[in-house]
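A quick write-up on the structure given underneath.
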Amino acid sequence: MTRAAEAMRIGIDYRPALVNREGIGRYVRELVRGLVAVEPELALGLFGYTLAGRRARADELGIAGTRAELARLRFPARWLPGLLRRIGRGVDDLVGGADLFHHTSYSVLAVREAREVLTIHDCVYLHDADYLDRGAAERMAAAMRRVVPRARRILVPSEYVGAEVVLRLGAMPNRIAVTPLGSDHISRALAGVEVPPPDPPYVLTVSRVDNRKNHLCMLQAFERLVREGLPHRWVVAGPPGYGSERFARALAASPARARVEWRRAVPEAELPRLYAGAEVLLFASRSEGFGLPILEAMAAGTPVVTSGVASMPEVGGDAAVYVDPSEEEAIFAGLHDLLRDPARRRDLAVRGRARAAAFSWRETARKTAAAYRGALRPPSADGPPLRRAKINNPPGGSQ
């Protein structure tokens, strides 16, 4: 433990950990669990003002008996900005003061004195694609453009997102810190557990059902799989999101609908077994900032078919089958060939477990704590200030 760590008091927006059952919630819960494990002397003030009831059990949070202090009040999130303006305070004041405040979601609140660290999970709200409600995308983009210039460190889960943040949001590269996510929550849950092969076997997809996740194209590929005579079911685990009604309509009209199980809510304790029982994870998303289900499946020993775009090859390495998510034929071929090849599935299971073992939440926490220390150093410690070069048009070029 360094003197710098002992002196730091860190505020963290902990609201996603309490109420979100998807990737951002998992990230915040496991990050804090990792921080209290590898930096036990670090003083953490966890901001938990939400009107929504807590959806994570105390044992999932893992903060009992630590120096992490949860500031919890049932209060509507939409009222918080106005409240802080009226009382002349910041979110750092609501956790008892902090040297640094870590914004973990796109709902960024005003800070009064603390330096700021920001996690940017992805930049899909900046893409010219029908991935989000337009109003929501504009609000998210506006929030990020406000906070990026003043953030002392910007944490990203992948090199891919780091490049997007620099190019699309104008962040300076020396303020970017890549802090990949972990998968050991899955291996921890499956330790000593035997999951028998299901009959019939199933292909699994874990993600919110929305346009970006590409369920319509995956459904078409699965329908072809059924026509080819394979016995598999398709289990879709994830709540409805933007555009999910299109998938719901297509599924209702699908000739394979009796073989598809859409599970909108999967209990936390059941998810590791669901991964372990699957013959293949199909995750043909059109864009991801990381792609945590890829690692979760690998940690469970399940082979992965995923997209060869965005962050997914960075996460999967040499332990996955990659397909073009825009081509139903490519998704079908990748899935079909793997399901027909037990030896390749066994090889990918071994590779996948080794790949997942390289991603731990404690390592995420160590890299995050290092970013906190960097954010608290004087700006001059980052080296000479970076400036964007001016590009001059050549003589006779267009203006």
### Query
To the nearest 20 debye, what charge dipole does region 1-140 have about its Cα centre, counting +1 at the Cβ of each Lys and Arg and -1 at the Cβ of each Asp and Glu?
600
### Query
In Å, the Kirkwood hydrodynamic radius of region 169-308 over pairs of distinct alpha carbons?
16.1
### Query
How much accessible surface does Thr66 have with a 1.4 Å probe, in Å² rounded to 10?
50
## Note on the structure
Under a 1.4 Å probe, counting only protein heavy atoms, Phe75 has an accessible area in Å², nearest 10, of 40
### Cα gyration tensor shape for region 278-351, rounded if a/c is under 1.5, else prolate or oblate
oblate
### Task
State, as an integer percentage, the relative contact order of region 42-138 based on alpha-carbon contacts under 8 Å between residues 6 or more apart.
22
#### Entry: Value at 222 nm in deg cm²/dmol, rounded to 500, when DSSP H runs of n ≥ 4 in the chain each add -39,500 (n - 2.57)
-11500 deg cm²/dmol
### Task
Take the alpha-carbon centre of region 128-205, take the same for region 222-282, and report the distance between them in whole Å.
23
### Task
Tell me which label goes with the value of Cα extents along the principal axes in Å computed from the coordinates here: (i) 61, 53, 39; (ii) 70, 64, 38; (iii) 89, 43, 40.
(ii)
### Message
Rounding to the nearest 10 and keeping the result within 0 to 90°, find how far the Cα-based axis of helix 361-376 lies from the longest principal axis of the chain.
### Response
30
### Message
On C-alpha positions alone, give me the angle between the axis of helix 328-339 and the longest principal axis of the chain, in degrees, nearest 10.
### Response
70
### Ranking by accessible area, most exposed first, for Lys367, Lys213 with a 1.4 Å probe
Lys367, Lys213
## Note on the structure
region 138-208: relative contact order from alpha carbon pairs under 8 Å, six or more residues apart, as a whole percent, is 27
### Query
Residue-wise, which Karplus ³J(HN,Hα) couplings in Hz belong to region 145-150, taking 6.51 cos²θ - 1.76 cosθ + 1.60, θ = phi - 60°, and x for glycine or proline?
5, 6, 8, 4, x, 9
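The values are calculated or read from the model by the stated rules, or taken from the named source; none is laboratory data. This one's a predicted model, so the numbers in the text were calculated from it and none came from an experiment. Glycine gets a Cβ as well: all are built from the backbone with ideal geometry, and neighbour counts include every protein chain shown. Protein only, heavy atoms only, side chains kept; ligands, DNA and RNA dropped before computing areas. Shrake-Rupley method; radii C 1.70, N 1.55, O 1.52, S 1.80 Å.
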